[in-house]
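Input: a single structure, listed below in C-alpha cells.
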Amino acid sequence: MIHHPDKNFIDPIPIKIHDHMAYCTHVEEEENRKPWFHDIKEYLTKGEYLKLAKPTQKRTLQRLSNNFFHCGGIMYRRTPDLGLLRCVNVKEASKLLKEIHAGTCGPNMDGFVLAKKILRAGYFWMTMEMDSIQYVQKCHYW
C-alpha cells in the first residue's frame, strides 16, 4: 500500500485475468496446419464466420478483416500509406528472421530494428516485433 496525504492508503486496482488468449495474437504454433490468418481469409473469401464464434469474436473478425486484402491465394495487410505487406505463416516467419538478421540484408541488429527491416522488406505477421526481440535475445552474437 502507498501512503497518501489525504488518506491512509490508496485502494488497489482490480485486474482481470482472462482464461483464453486474445484473437490472433499468438503465432508460435499453428493449429491444424492452418496459418494465423486463416479465419480472416475465410471471412474475406466466403463471408462466413467460425461455426462456434461468439458475437464479440465476429465483431473482432470484421474489424481485423478491414486491414487485410486477399488476392491470388495470398493474404496482404494494408498499410496507412496504401502499401501492401504479405502475410506469412510461422515457417516463413522463422526463415525471414534468420535471413534478415544475419543474412543478406545486413549486419546483426536489435529486435526493433529487425522488425522494421522486415516491414520494409514487405512482410507481416501479428507478433513480428515480439518474435524479433526473442530471436535477437537467443542470438549468440548478442
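The values are calculated or read from the model by the stated rules, or taken from the named source; none is laboratory data. Here the structure is a predicted model, which is why all the values come from computation and not from measurement. No Cβ is skipped: glycine too gets one built from the backbone with ideal geometry, and neighbour counts run over all protein chains shown. Heavy atoms of the whole protein, side chains included, go into the accessibility calculation; ligands, DNA and RNA do not. Shrake-Rupley method; radii C 1.70, N 1.55, O 1.52, S 1.80 Å.
Each residue in the stretch 127-138 was checked for being touching a residue at least 24 places away in the same chain (Cβ under 8 Å), closer than 25 Å to Asp81 by Cα and surrounded by fewer than 19 Cβ atoms within 10 Å (Cβ to Cβ), and 1 of them qualify.
Would you say Leu97 is modelled with pLDDT under 90, more than 15 Å from Met128 (Cα to Cα), outside any loop (DSSP other than H, G, I, E, B) and open to solvent by less than 60 Å² (accessible area, probe 1.4 Å)? Taking the combined requirement at face value, the residue does not satisfy it.
Of all the numbered requirements in (1) within 15 Å of the chain's Cα centre (by Cα); (2) open to solvent by less than 30 Å² (accessible area, probe 1.4 Å); (3) among the β-branched types (Val, Ile, Thr), Thr60 misses one, and that requirement is (2).
Within the stretch 71-88, is there a residue that is in a helix (DSSP H, G or I), under 14 Å from the mean Cα position of the chain (by Cα), within 18 Å of Lys34 (Cβ to Cβ) and modelled with pLDDT of 85 or more?
For the stretch 71-88, residues in a helix (DSSP H, G or I), under 14 Å from the mean Cα position of the chain (by Cα), within 18 Å of Lys34 (Cβ to Cβ) and modelled with pLDDT of 85 or more: absent.
Just one residue in the set Lys34, Lys54 is farther than 17 Å from Met126 by Cα, at pLDDT 75 or above and of a type outside the set (Ser, Thr, Tyr); that residue is Lys54.
Exactly one residue out of Ser65, Ser94 is under 30 Å from Gln137 (Cα atoms) and of a type in the set (Ser, Thr, Tyr): that is Ser94.
The C-beta contact set for the stretch 103-118 (first residue over 16 Å from Ile133 (Cα atoms) and at pLDDT below 80, second residue surrounded by 13 or more Cβ atoms within 10 Å (Cβ to Cβ) and charged (D, E, K, R), distance under 8 angstrom, 6+ apart or interchain) comprises Cys105/Glu99; Cys105/Lys117; Gly106/Lys117. Cβ-Cβ distances below 6 Å connect the following pairs, each with a first residue in the stretch 33-52 that is within 12 Å of Ile74 (Cα to Cα) and part of a loop (DSSP other than H, G, I, E, B), a second residue that is modelled with pLDDT of 85 or more and open to solvent by less than 80 Å² (accessible area, probe 1.4 Å), and a separation of six or more residues or different chains: Pro35/Asn89; Phe37/Met75; Phe37/Cys87. When Ile10 is tested against (1) at pLDDT below 75; (2) outside any loop (DSSP other than H, G, I, E, B); (3) surrounded by 10 or more Cβ atoms within 10 Å (Cβ to Cβ), just one condition goes unmet, and that condition is (2).
Among the residues of the stretch 63-82, those identified as in contact (Cβ under 8 Å) with a residue 12 or more places away in the chain, out of contact with any Leu (no Cβ under 6 Å at 6 or more places or on another chain) and either surrounded by fewer than 17 Cβ atoms within 10 Å (Cβ to Cβ) or of a type in the set (D, E, K, R) (or both) are Phe69, Ile74. Is it the case that the stretch 88-97 has a residue that's touching a strand residue (DSSP E or B) at 6+ places or on another chain (Cβ under 7 Å) and of a type outside the set (Lys, Arg)? Checked against the condition, which is being touching a strand residue (DSSP E or B) at 6+ places or on another chain (Cβ under 7 Å) and of a type outside the set (Lys, Arg), the stretch 88-97 yields at least one hit.
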